1. Would you list the P(r) distribution for the stretch 251-317, with all Cα-Cα distances sorted into 10 Å bins from 0 and each bin expressed as a whole %?
2. Springs between alpha-carbon pairs under 10 angstrom, Gaussian network model over the chain: which of Gly288, Gly155, Gly33 fluctuates most?
3. Relative contact order of the chain: what whole-number percent is it, with Cα pairs under 8 angstrom and at least 6 residues apart?
4. How large is the Rg to Rh ratio of the stretch 190-233 when both quantities use alpha carbon positions and Rh follows Kirkwood?
5. If R₀ is 25 angstrom, what is the calculated FRET efficiency for the pair Ser271 and Trp291, using the beta carbon separation as r and rounding to 0.05?
6. Rounded if a/c is under 1.5, else prolate if a/b beats b/c, else oblate: with a ≥ b ≥ c from the C-alpha gyration tensor eigenvalues square-rooted, which is the stretch 1-142?
7. Would you mind ranking Thr2, Thr19, Thr12 so that the residue whose beta carbon has the fewest other beta carbons within 10 Å leads the list?
8. Around Ala145, under 12 Å between beta carbons, what's the net of Lys plus Arg minus Asp minus Glu among the other residues?
Amino acid sequence: MTPLERSGDAATRVLVARTRGMEVSLLDVELAGWVAGAAGRPLPALPDPVEDLHARQAALFGARDDDAAFALLAQQVGNDEGERLLIHACHLVGDRCSDRLIEVAEQHRDVWFSGPMLARTRDPVRLLALVDHDARYEHTVATIAELYIRGFDAGHIAPEVASRWAALNELGKQPGEVASFREAELRLAARTDLDHAVTVMLSYANSWGYDQQDAGTEAVLTRLVRRDPERASAVVAKREDPENRVEWLDPLTRTFALPAFAEPIVDALLSLPTLESVYALARILIAGRAWSRLERALANVAEDPVLDVANGVPSGVARLRDAGLDEDAERARAMVLEVLGDRRQPDEVSPRDLFEMKSAPGRPPMLPWFPEPGLP
């Protein structure tokens with residue numbers, strides 16, 4: 001049985017548990033639908049009509065039956081039960097169906113959608129017209145920024161996009177209070193002047209908070225660690241708050257290795273008696289294939305509620321799978337399953353099933369710069 005088939009069976013069991021009244025969030029219902037569909041598994045009918053629609057749409061998209069998925073979306077998007085289907089579809093398949101989703105958004109101007117997820121459109125002017133209709137300033141800025149960065153990377157920025165980005169940068173109108181603008185500034189600086197980008201990143205962290213421009217910080221640190229792992233590790237080490245250090249460690253493992261210079265940072269974090277982001281640290285160690293330190297991290301959470309463990313670490317395993325590191329993914333999976341054991345409550349969804357579902361390969365991108373090439 002392949003990892004996807006195994007995850008598909010687990011996803012189906014999660015949905016069956018939901019039909020029996022066990023608690024499963026809407027996003028997990030949707031992910032279960034996607035994974036089950038990708039694995040070719042049938043879905044049970046869910047009693048909640050909203051959850052059932054989201055699971056069915058995700059399953060069709062996961063199975064790459066896009067025509068059927070869009071037929072369902074067209075039928076339900078204007079109904080109360082389907083009012084969030086469009087924005088969820090943007091995060092599921094905005095990477096491959098941007099123009100079809102823009103067409104739906106044009107037909108339903110009062111329904112939420114995600115402009116940044118549709119930045120791969122062949123007609124950026126058409127998308128700009130949609131966000132101009134949208135009154136949410138953050139959403140508008142984020143969409144303009146994503147279109148500009150994609151054009152920059154492709155070597156051709158549409159004049160209308162360049163004009164809108166320039167307007168955002170006019171003296172006295174710079175929307176620095178908007179997180180997506182700061183993120184875009186950092187992402188562009190990381191592409192053109194990495195040393196300047198580091199300076200701006202630290203300034204923004206001190207002014208706005210270390211976690212208020214995550215995509216920009218990731219863009220800078222992911223590139224910096226490839227050029228100078230010692231300097232990148234030093235930047236992380238200087239953050240006073242341990243939770244901050246965990247947050248900034250994550251980009252350092254985008255090459256699926258923990259830099260040697262970052263090992264003392266991890267050791268200090270593992271020794272802390274209290275650390276809120278224990279699962280984030282475990283995910284970092286999974287992605288960084290730092291096995292001995294991962295063993296310590298999992299030992300630190302061995303007595304935690306089993307569902308917390310099952311929810312907290314699987315995305316690290318999924319990253320390994322999507323990178324083609326199957327043996328490493330299986331090694332991490334075995335370590336996590338040993339912690340999960342057979343513990344469960346009779347009125348709760350199976351933790352093992354939840355973990356298997358969430359660690360599936362080929363999960364939807366959810367962010368506009370995934371799945372290619374993985375850098376903001």
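Every read-out reported here was derived from the displayed coordinates using simple, explicitly stated rules and does not represent laboratory data. Keep in mind the model is a prediction, meaning the values are calculated, not measured. Cβ atoms come from the backbone with ideal geometry, glycine included; neighbour counts cover every protein chain shown.
1. 21, 59, 20, 1
2. Gly155
3. 16
4. 0.95
5. 0.90
6. Prolate.
7. Listing Thr2, Thr19, Thr12 from fewest to most nearby Cβ atoms yields Thr2, Thr19, Thr12.
8. With Lys, Arg at +1 and Asp, Glu at -1, the net is 0.
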